[in-house]
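Peer 1: Would you mind keeping the following structure in view while I ask a few things?
Throughout, read-outs are computed from the coordinates displayed, never taken from laboratory work. All values derive from a computational prediction rather than experimental measurement. When we count neighbours, we look across all protein chains shown, and the Cβ atoms used for this are built from the backbone with ideal geometry, even at glycine.
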C-alpha cells in the first residue's frame, strides 16, 4: 500500500529505533542475569549463602527467603518488557517506512498497554510471593499512567488509520 | 454502501474502455477500478466533473442511490 506521506522518518524516529535496539540488548542481558541468578539461588551453594546474608543485612528479610522466586519473577517481567520493546520497534519501523497508520499498528499499541499492565501485575504478584507472608502493595502510579496514555493513544491511532483509509479511498 | 456506481453501463453506451476513461479523466486505472467496484468511500467533485465531461452525462447517470434495508428503516422512523 503506497504511503500517503513519502517522508521516510524523522531523525527522532531513526534515533528512537537505535535506542530501542540498545534497550532490547540491555533487557536481554537482564533476562539472562535474572534466570542465571534464579537458577543459582534455587540450589544450596556458597553464592546463595552470600546473597541471602547480604539481603538480610538490608532488612529485606522477605526477599532473602525467596530470592530465587524474585529472580524468576524479574525474568518474566523483563521478558514482557522485551516483547513490548520489540512491538514498539515494529511500530517505529512502519514510521521509518513512511506509513504508520496501518491496522497492524492499532493492535500493536493495544498489545503494548496490555502487556505493560500485565508486567506490573506479575511484578506485584512475585514481590508478594517472594516476601513470604508480608503483604506488599506497591502500585506504581507512573506505570498506571503510562497504561492509560497508551490505551488512549491506541484509540487515537485507530481513528487516524480510519481517516487514512478514507483519504485513500477518496477518488 | 447505498450509493451504486453505474460506470459499467455508461462506459458500454459510450463504447469506451476503463483504461481510456482513466487517461482522459487523469486518475489511475486502480483508482477508477475502486470507484467502479463500489469500494470508494468518497468522490471529489473535481473527479465527478471530469467523469461527466468525458462521458457526456449527468452525475445521476453514474451515481444511483439504492437504499438498503437498514437505511430504509431509519428513514421511515425519522419520517414518523
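Peer 1: Could you give the semi-axes, largest first, of the ellipsoid that matches the protein assembly as shown, computed as the square roots of 5 times the alpha carbon gyration tensor eigenvalues and rounded to whole Å?
Peer 2: 61, 22, 12
Peer 1: Now, a different point. If I stretch the segment between residue A:47 and residue A:121 completely, what's the gain in nm (0.36 nm per residue apart, minus their alpha carbon distance), one decimal?
Peer 2: Extra length from residue A:47 to residue A:121 when fully extended: 23.7 nm.
Peer 1: Which whole-number percent is the relative contact order of chain A (Cα, under 8 Å, 6+ apart)?
Peer 2: Reported as a whole number, the value is 28 percent.
Peer 1: Let me have the 222 nm mean residue ellipticity of chain B computed from DSSP H runs of 4+ only, each contributing -39500 (n - 2.57), with the sum over all residues rounded to the nearest 500.
Peer 2: When only DSSP H runs of four or more count, the value is -17000 deg cm²/dmol.
Peer 1: For peptide A:164-171, how many partner chain Cβ atoms fall within 10 Å of a residue's Cβ, on average?
Peer 2: 6
Peer 1: Still on this structure, I have one more. Expressed as a whole number of Å, what is the distance separating the alpha-carbon centroids of the range A:125-171 and the range B:7-32?
Peer 2: About 47 Å separates the Cα centre of the range B:7-32 from the one of the range A:125-171.
Peer 1: Could you please rank A:42, B:46, placing first whichever residue has the fewest other Cβ atoms within 10 Å of its Cβ?
Peer 2: Going from sparsest to densest Cβ surroundings: B:46, A:42.
Peer 1: Give me the inter-chain shielding for B:41-50: mean count of other chain Cβ atoms within 10 Å, whole number please.
Peer 2: 2
Peer 1: What value, in deg cm²/dmol to 500, does the helix sum -39500 (n - 2.57) over DSSP H runs of n ≥ 4 give at 222 nm once divided by the residues of chain A?
Peer 2: Taking each H run of at least 4 residues, the total per residue is -28000 deg cm²/dmol.
Peer 1: Something else: So what is the relative contact order of chain B, in percent, for Cα pairs below 8 Å that sit 6 or more residues apart?
Peer 2: Value for chain B: 48 percent.
Peer 1: Kirkwood hydrodynamic radius for chain B: how many Å is it when counted over pairs of different Cα atoms?
Peer 2: 13.6
Peer 1: Next up: Can you tell which of A:45, A:66, A:17 shows the greatest fluctuation in a Gaussian network model of chain A with Cα springs below 10 Å?
Peer 2: A:45
Peer 1: Taking the Cβ-Cβ separation of residue B:63 and residue A:29 as r and a Förster radius of 51 Å, what is the calculated FRET efficiency to the nearest 0.05?
Peer 2: Between residue B:63 and residue A:29 the formula returns 0.25.
Peer 1: Using 0.36 nm per residue, how much length does the chain from residue A:104 to residue A:134 gain when fully extended, once their Cα-Cα distance is taken away?
Peer 2: 6.5 nm
Peer 1: Same structure again: On average, how many beta carbons from a partner chain sit within 10 Å of the beta carbon of a residue in B:15-21?
Peer 2: Per residue, the number of nearby Cβ atoms from other chains is 0 on average.
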